[in-house]
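Only one structure is covered here, and it is reproduced in the block below.
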Amino acid sequence: MPFLRYLMLLALIVWLGGLIFFAFVLAPTAFSVLPTRHLAGNLVARSIQILHWMGLIAGIVYLASSLVYARFSTGAFAPFAARHSIVLLMLILTSVSQFGILPKMDALRAAIGEIDFVPLDNPVRLQFDALHVWSTRIEGAVLLLGLVATYLTSSAWNRQ
């Protein structure tokens, strides 16, 4: 059972660590160091796709490990435990971003080219900016939910 706990923690660490690194280090650094916002946007776009795949895999590993751990420790899978529901919501939000929002942003970015040369009132730019806002909100929500899932996971261990 310690190995299942390890997998659960590792999955949360990888996912949350990636989100924190992306939001507070990679994205701000890319936009402050690279010579153009276009290059920074390309780097950030590729990085977030990798981050999403890491999160999706980590979420699946967490759910599988946690369900098996719950079965061994309490005798029930507890699929509707709050921590499982939260991680499932994190997976859904990450999937919406990865398969819904990001492809649309990529298509818009390709259509307009260098975003700095597109007027702020351009309809395509407005659509891109709106999607960017939603992408940021979703990443923030996944991070907050991940912190709650981490708390609930550690609390569940303390009760056993």
Share (percent) of C-alpha pair distances in the range 2-159 greater than 18 Å works out to 61
Extension gain, GLN49 back to SER155 (0.36 nm per residue minus Cα-Cα distance, nm): 35.0 nm
The range 96-111 residues near the modelled THR36 label - backbone nitrogen below 15 Å, point 7 Å along Cα→Cβ: 109-111
Mind listing the phi-derived Karplus ³J(HN,Hα) values for the range 44-50, rounded to whole Hz, using 6.51, -1.76 and 1.60 with θ = phi - 60°, and x for any glycine or proline? 5, 4, 5, 5, 5, 5, 5
Which chymotrypsin sites (Phe, Trp or Tyr not before Pro) from the range 73-139 combine a DSSP loop assignment with at most 16 other Cβ atoms within 10 Å? PHE77, PHE80
Rg over Rh, two decimals, the range 36-92 (C-alpha only, Kirkwood Rh): 1.25
More than 17 Å apart - percent of Cα-Cα pairs taken over the range 69-113: 55
How big is the range 70-160 in terms of Cα radius of gyration and Dmax, in angstroms? 19.2, 61
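Here, each number is a calculation from the coordinates, and none is a lab measurement. What you are looking at is a predicted structure, and each value in this text was computed from that prediction instead of being measured. Neighbour counts run over all protein chains shown; Cβ positions are idealised from the backbone, glycine included.
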